[in-house]
Amino acid sequence: MDEQLLSIQNLTTQYLTDESVIHAVNGINLHLAKGGSLGLVGESGAGKTTTAYSIMGLLPKLTGKITQGKILFEGKDLTRLPEDEMRKIRGNEISMIFQDPMTSLNPILTVGDQIAEVLEIHGTADTHAALAKAGDMLEMVGIPRDRMHEYPHQFSGGMKQRVIIAIALACNPKLLIADEPTTALDVTIQAQVLRMIRDLKVKLDTSLILISHNLGVVAQVCENVAIMYAGRIVEYGPLREVFSRPLHPYTEGLLNSIPRIEVDKDRLSPIRGMMPDPSTMPHGCIFKPRCPYAAAACGTRAPHITEISGRSVMCLMHEGVIPNTMGTGGHHA
Amino acid sequence: MTRYIFRRLLMIVPVLVGVTFIVFSLTYISPGDPARMILPQDATDADISHMRHLMGLDEPFLLQYVHFLFGFKSPSEDASFSYKGLLALDLGRSYVSNRPVFKTILERFPNTALLAILALILSVILSIPAGIISATHQYSVSDMVVSILSLLGLSMPAFWLGMILIWIFSVKLRIFPSLANPANLKSLVLPVITLATMNTAVQARMTRSSMLEVIRQDYIRTARAKGLDEKKVIRKHALNNALIPVVTVIGLQVGQLLVGAVLTETVFSYPGIGTIMVDAIQRKDTPQILASVVFVAIIFALVNLIVDIVYAFIDPRIKAQYESMSKARSNGAARKGT
């Protein structure tokens, strides 16, 4: 088996507000091999970004807390690392690309300075060399180097995202977390940026966690995929297998709600209902209220992780508690 | 950029024309006759109307405004009522002191400027760090202290605070004199504190709210994700962005400070622009009133110009805007030329 780069064990992250506790991430397990790529897919509010912030140590200081679990990065538990140790990892060994490129760059610093800054922080280069390297990074993401003295407002959305990618990759990190990197971009630019992330990942031998609500985006880049629902990973496995034969009703629902060119279908079937309120989780299986296969047992008994030939799934159908009727469409069909 | 500054300077002209016209009209329609005030109590009506003639006050309103701008030659052999007009920076002599009005203003302006600069330095030194600490430690004890103090500072009128300070430090403790004058630095302590209090409060609140907004921005998250430590995140990424609106407020305050804090100067009998204005208005000293108000308007316009230029240096987006504006204009002119 490949060497593990990142291993998340039973991670539980909560946001504490005055009125309630938001259960954003509820005991997830994830593994990422060196050089691997993992897609983290789910609806808005499924806990994808919270997972990323937990890894980066960027949870809001007053409200966000990791209450349980470990995040092992090259064997070090990031949840126990003191802040100054964590700072050396952030931007250097683990980098992150954010969702909205329009607001993610400081408007009053030149893009060159903003790229050079990350190199200076991690002592990779002195000021002069850092600026030169910043120029190289810009060229690597396809922006002429003489534009490094320009300010973010002089760039388009797609180019800003390239600058952000350049910042994230400047220190040649071991892990890149891309949080919805293309969501805020035009469709035509999306493909470019995705291709660039994929190519640079291979070129720099970086491991990748790609967060998206869009299965199509993940399909273009990732080897493995984890489907997140209400703070849990309900299904995990190699991308092709998960896409061709989903094990969890939620995955099936997601796949049925995107148009496919090879299947002749008049209507897409969306997943009915809404995700549960993360401050009050339902008993039993969290997906039960929306599940077309739900049986009485699903309301009382929470499913555990079931391993099926290298894949894992959280559903009572695979625990043999209720009959496995996957693929039939269930009783809503 | 130079082109922009030049254009902004030109834009001051219509502002000043408007200001002078309004001020002149207000002085014209306000009650009281300068001629009667100059002459002794027992002057006859004939004396008064002769005096009005010498002073040019019997002319029609618009003609008087033209005189005001371009100068007036008094029919009397004595030159004391003649002046070269606003464009030559000569509005004649004060009816009260018989000194050229602009001379008095220019003599007193450094006093006001000294007080203003000291008050500004004090308020900036106090308010900006206070605002930053308050915002970065939101809901902490220090945030609460800053918020309460700034609310307090905001709600104390200058004349009241000035008198309280005089009562405590001059009357009771006898540490500082109650009359301020620029030659004695110690005597400036109380007026500077009085002037700075309100400004400090306003700036601290502004810095706090602006900072709170900025530290929630995505680019601050980006800076943290780079592995920058929190202090540098604040200093390098948050502060400069947060200061943009604070500069506007400070600019407005500098304008107000430079034109003389009328109340503070009066409370401490400080020889500045503010006291000139109050005296002139009380005595219906028309040339002095006009000269002071016009002077104040010029200072205000210049300070605003400086603030706009400072903006361009803090925020490249604004600079780009200025530059594209002048580029667009010169392009337009070139097209018209062909």
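The values are calculated or read from the model by the stated rules, or taken from the named source; none is laboratory data. A quick note: this is a predicted structure, and the numbers were derived from the prediction, not measured. Neighbour counts run over all protein chains shown; Cβ positions are idealised from the backbone, glycine included.
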Just checking, does the range B:223-240 include any residue being part of a loop (DSSP other than H, G, I, E, B) and more than 14 Å from chain A (Cβ to nearest Cβ)?
no
Looking only at the range A:159-175, decide whether some residue is surrounded by 21 or more Cβ atoms within 10 Å (Cβ to Cβ), touching a Pro at 6+ places or on another chain (Cβ under 6 Å) and of a type in the set (Lys, Arg).
yes
Among the residues of the range B:205-216, are any within 20 Å of B:Leu118 (Cα to Cα), out of contact with any His (no Cβ under 8 Å at 6 or more places or on another chain), of a type outside the set (A, V, I, L, M, F, W, C) and modelled with pLDDT under 95?
no
Would you confirm, using the coordinates I've provided, whether B:Val254 is in contact (Cβ under 8 Å) with a residue 40 or more places away in the chain and among the β-branched types (Val, Ile, Thr)?
yes
Lone unmet requirement of (1) in contact (Cβ under 8 Å) with a residue 60 or more places away in the chain; (2) more than 13 Å from every other protein chain (Cβ to nearest Cβ); (3) surrounded by 23 or more Cβ atoms within 10 Å (Cβ to Cβ) for A:Met140
(3)
Regarding A:Ser257, is this residue surrounded by fewer than 16 Cβ atoms within 10 Å (Cβ to Cβ), modelled with pLDDT under 90 and either aromatic (Phe, Trp, Tyr) or under 24 Å from A:Ser37 (Cβ atoms) (or both)?
yes
Pick out the one residue from B:Phe159, B:Phe169, B:Phe109 that is modelled with pLDDT under 90, more than 30 Å from B:Arg216 (Cα to Cα) and of a type in the set (Phe, Trp, Tyr).
B:Phe159
Do you know which residues across the range A:100-155 are out of contact with any helix residue (DSSP H, G or I) (no Cβ under 8 Å at 6 or more places or on another chain) and in a loop (DSSP other than H, G, I, E, B)?
A:Gly123
Step by step: first the residues of the range A:81-98, then only those that are farther than 18 Å from A:Lys160 by Cα, assigned to a loop (DSSP other than H, G, I, E, B) and in contact (Cβ under 8 Å) with a residue 60 or more places away in the chain, then the one that is nearest to the chain's Cα centre (by Cα). Which residue is that?
A:Glu93
Exclusive hit being within 26 Å of the chain's Cα centre (by Cα), farther than 23 Å from B:Ser292 by Cβ, free of Cβ contacts under 8 Å to residues at least 12 places away in the same chain and surrounded by fewer than 20 Cβ atoms within 10 Å (Cβ to Cβ), set B:Ile148, B:Ile175, B:Ile168, B:Ile125:
B:Ile125
Lone qualifier among A:Thr206, A:Thr124, A:Thr182 - being polar (S, T, N, Q), more than 30 Å from A:Pro270 (Cβ to Cβ) and crowded, with 20+ Cβ neighbours inside 10 Å:
A:Thr206
Counted residues, the range A:69-80 - those being in contact with a helix residue (DSSP H, G or I) (Cβ under 9 Å, 6 or more places away or on another chain) and either among the aromatic types (Phe, Trp, Tyr) or not in a helix (DSSP H, G or I) (or both):
6
Answer from A:Ala46, A:Ala52 - the residue that is under 12 Å from the mean Cα position of the chain (by Cα), part of a loop (DSSP other than H, G, I, E, B) and among the aliphatic types (A, V, I, L, M)
A:Ala46
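A quick yes/no check of all residues on (1) in contact with a helix residue (DSSP H, G or I) (Cβ under 7 Å, 6 or more places away or on another chain); (2) within 14 Å of chain A (Cβ to nearest Cβ); (3) assigned to a loop (DSSP other than H, G, I, E, B):
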| residue | (1), (2), (3) |
| --- | --- |
| B:Asn181 | yes, no, yes |
| B:Val189 | no, no, no |
| B:Val192 | yes, no, no |
| B:Arg216 | no, yes, yes |
| B:Tyr219 | yes, yes, no |
| B:Gly251 | yes, no, no |
| B:Gly255 | yes, no, no |
In the range B:58-93, which residues are on the phi < 0 side of the Ramachandran plot, in a loop (DSSP other than H, G, I, E, B) and out of contact with any strand residue (DSSP E or B) (no Cβ under 8 Å at 6 or more places or on another chain)?
B:Asp58, B:Glu59, B:Pro60, B:Lys73, B:Ser74, B:Pro75, B:Ser76, B:Glu77, B:Asp78
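Condition check ((1) at pLDDT 90 or above; (2) in contact with a Ser or Thr (Cβ under 6 Å, 6 or more places away or on another chain)) across all residues:
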residue	(1), (2)
B:Asp58	no, no
B:Ser74	no, yes
B:Ser80	no, no
B:Leu118	yes, no
B:Ile132	yes, no
B:His137	yes, no
B:Ser140	yes, no
Of the residues in the range A:99-131, those that are touching a residue at least 12 places away in the same chain (Cβ under 8 Å), more than 7 Å from chain B (Cβ to nearest Cβ) and either in contact with a strand residue (DSSP E or B) (Cβ under 6 Å, 6 or more places away or on another chain) or of a type in the set (S, T, N, Q) (or both) come to A:Gln99, A:Thr110, A:Gln114, A:Thr124
Odd one out for B:Arg205 among (1) farther than 30 Å from A:Gln99 by Cα; (2) surrounded by fewer than 17 Cβ atoms within 10 Å (Cβ to Cβ)
(2)
Counted residues in the range A:284-323 being free of Cβ contacts under 8 Å to residues at least 24 places away in the same chain and assigned to a strand (DSSP E or B) come to 2
Looking only at the range A:143-152, filter to residues that are more than 24 Å from A:Tyr53 (Cβ to Cβ), surrounded by 19 or more Cβ atoms within 10 Å (Cβ to Cβ) and touching a Leu at 6+ places or on another chain (Cβ under 9 Å); which one of those is nearest to the other protein chains (Cβ to nearest Cβ)?
A:Tyr151
